[in-house]
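Laboratory data are not the source of any read-out in this text; all were calculated from the coordinates shown. A quick note: this is a predicted structure, and the numbers were derived from the prediction, not measured. Because the Cβ atoms are built from the backbone with ideal geometry, glycine has one as well, and the counts that use them run over all protein chains shown.
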Amino acid sequence: MTEIAQRVAGFEGQLRDAGLRMTQQRRLILRVLAEADDHPDAKGIFTRAFAHDPTLSLSTVYRTMKLLETQGAIERHAFEDGVSRYEHADQEHHDHLIDIDSGEVIEFSSDAIEELQRRIAAELGYELVRHRLELYGRKKRPGVRGKKS
Ligand SMILES: [Zn+2]
């Protein structure tokens with residue numbers, strides 16, 4: 001089984017566990033989600049799925065996303081633009097850098113940051129359970145680093 005097929009099967013299992021019937025449209029949404037390697041919002045997922053099934057409605061997408069989020073299969077991010085973006089939850093922990101000009105979401109992970117956060121939590125008397133870290137940045141353009149005299 002490919003990674004995507006495995007992920008679709010996982011999503012299906014999670015919806016079935018929630019007592020839901022597996023419809024063609026739900027399966028299509030699951031496939032689009034499983035194939036996404038970015039951080040699409042519901043409209044983005046709708047647009048991708050709609051290309052395969054023009055009878056699909058945005059509210060079906062919203063409902064399915066909500067269910068998968070409740071089941072812990074996908075993770076929702078609310079970055080500063082206020083739009084909910086999703087990614088599947090079955091991946092290595094990572095943090096995000098958001099390009100404030102293009103809206104592009106870049107993934108990164110840093111052992112140093114992880115360690116620092118654990119240490120800060122410990123110093124405050126806590127065991128770190130999870131964290132979310134978002135960096136907002138603007139791409140440095142070469143050659144505009146201030147005036148040279
Ligand atoms: Zn991510």
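If you average over every viewing direction, what projected area does the convex hull of the Cα atoms of the stretch 41-113 give, in nm²?
Averaging across all directions leaves 6.1 nm² for the Cα convex hull.
Before rounding to the nearest 500, sum -39500 (n - 2.57) across all DSSP H runs of length at least 4 in the chain and divide by the residue total; then give [θ] at 222 nm in deg cm²/dmol.
-13000 deg cm²/dmol
Please express the Cα-Cα pair-distance distribution P(r) of the stretch 95-137 as a list of whole percents, one per 5 Å bin, running from 0 to the bin with the greatest distance.
Calculated P(r), rounded to whole percents: 6, 21, 24, 18, 14, 10, 5, 2.
Nothing charged except the Cβ atoms of Lys and Arg (+1) and of Asp and Glu (-1): what's the magnitude of the dipole of the chain about its Cα centre? Round to the nearest 20 debye.
Here the size comes out at about 560 debye.
Counting DSSP beta bridges with both partners in the chain, what percentage is antiparallel, nearest 5?
Here the antiparallel bridges make up roughly 70 percent for the chain.
Using the Cβ atoms and a cut-off under 14 Å, what net charge is assigned to the surroundings of Tyr62, where Lys and Arg are +1 and Asp and Glu are -1?
+4
Once the Cβ-Cβ distance between Arg119 and Thr47 is put in as r, and R0 is 35 Å, what FRET efficiency do you end up with, to the nearest 0.05?
0.20
If the viscosity is 0.692 mPa s and the temperature 37 °C, what Stokes-Einstein diffusion coefficient in µm²/s follows for the chain when Rh is the Kirkwood radius over Cα pairs?
Answer from the Stokes-Einstein relation: 186 µm²/s.
Quick one: if you stick a label point 7 Å off each Cα along the C-beta vector at Ser59 and Glu104, how many nm between them?
So the two model labels end up 3.8 nm from each other.
Name the residue farthest towards the positive end of the dipole of the stretch 1-92 from the options Ala18, Thr47, Val32, assuming +1 on Cβ of Lys and Arg, -1 on Cβ of Asp and Glu, about the Cα centre.
After comparing all options, I get Ala18.
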